[in-house]
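The values are calculated or read from the model by the stated rules, or taken from the named source; none is laboratory data. Source: prediction; values computed, not measured. Neighbour counts are summed over all protein chains in view; Cβ atoms, including those assigned to glycine, are modelled from backbone coordinates with ideal geometry.
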Amino acid sequence: MGKFSRLGNELYNGRRSIDFVGRRRTFYAISLVLVAGAIAIILLKGMNFGVEFTGGVQYQATVQPGAATQGAADDLRQKIADSGVEGAGNPSVTTAGDAGLIVQVEDLSTEANDQLAGIITQQLGIPASSLSQDEIGASWGKEVGQRAAIGVLVFLVLTVLFIWGYFREWKMSVAALVALFHDIALTVGVYAISGFTVTPSAVTGLLAILGFSLYDTVVVFDKIRENTKDLRTSRTTYAAAANLAVNQTLVRSINTSIVALIPIGAILYVATVQLGASSLQDLALAQFVGMAVGVYSSVFLAPRVLVHLKSTEDDVKAAEKRAKARAKAQADKYAAVPAFSEDLAVADEPDELREDDDRSVAAAPRSAPPRQQEALGRGRTAPASRGPVAPTNAAGRAQPSRQPKSKRGKR
């Protein structure tokens, strides 16, 4: 942990930096491939919607108190899946207290319905009177889906207004929405490839990750705003300041995500391996994947999109020009120093040029003007005197003579 703390301190102070913003093509390509793959999986494989959305049949079996265990539910689920009954290949079996089991399958024909009822009663060892059957309509699932879509739309509108009002920058809202779309697409794609049943719990988990993803993005944007507040007077560019902000919040994002992912991962493991409870699986998987990709988008994608959008502004362009000029000046510090040629030797006139040659005037090399004879003293060059010079006994050398005030200026 000591090395990790030192790394975080170096990243925050700028002594060490990871280029998250500069590699635009790399991170854009990675995000584009991931989103395209997720959309392709959704279109080709499709989503495994539960009976709450598609409609179906629900059986409720009453057993002896204490007999409705998770092991009994798993055994019944496996028995129904291996029975070959048409429409019951992916059943949902959950416990209802310690004396009840609930089985949900798709719509069945009359013959398949009788076969499935016989399998349930035989597996649990209960009479037919202990098994009840209900029809589940798809209208409730459609209503849940519509309400979820309305909730997402309202959430996005409020998010755009909040970010726009807080940062006074609509481009940050656009960058946040791009990152949010990225997170939703990847989460739904992973959900499709896993084959988990889409239930209202999964929709709830998907809505929950929206807030977490935007929370991390807003933290990074707030640091970017702080670093770029005085861009005109600072000696940096918008891209460099944004990259510094990402490095300064990197350790915080990692720590926050780890703390959030550990309990969600524990719930996902328990629900999948030990309990087999579909509702917990749906909720935990959506939240786990959404939080993980949310950290990725807030670090690698959202700041890069923001810098790309801001690159067309005049202040940002001016800062880029100043930075390039400083970099060029530092690369060759003596490029602007004038060449000193006062004491360089003057070329003599070539011997082949004679005085009667017409080319002597035009082709003769230029010579420096004659230098004036300078008075030399003891280790220094004295300026030309403005009065008569005569030897003096006090100084031991020739110095300008000094006349009385009455005789100055008279001839």
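At a glance:
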{"quantity": "Answer residue from segment 82-94, given it is in contact (Cβ under 8 Å) with a residue 60 or more places away in the chain and part of a strand (DSSP E or B) and is nearest to P65 (Cα to Cα) among those", "calculated": "T94"}
{"quantity": "Test: residue in segment 103-125 that is aliphatic (A, V, I, L, M) and part of a strand (DSSP E or B)", "calculated": "yes"}
{"quantity": "Test for S257: is it under 23 Å from Y191 (Cα atoms) and at pLDDT 85 or above", "calculated": "no"}
{"quantity": "Some residue of segment 80-88 being at pLDDT below 75 and either crowded, with 16+ Cβ neighbours inside 10 Å or basic (K, R) (or both)", "calculated": "yes"}
{"quantity": "All helices (runs of 4 or more DSSP H) inside segment 224-333 with 1 or more residues being of a type in the set (G, A, S) and within 13 Å of the chain's Cα centre (by Cα)", "calculated": "238-269, 278-296, 302-310"}
{"quantity": "Residue within segment 59-76 that is surrounded by 15 or more Cβ atoms within 10 Å (Cβ to Cβ) and touching a Phe, Trp or Tyr at 6+ places or on another chain (Cβ under 8 Å) present", "calculated": "no"}
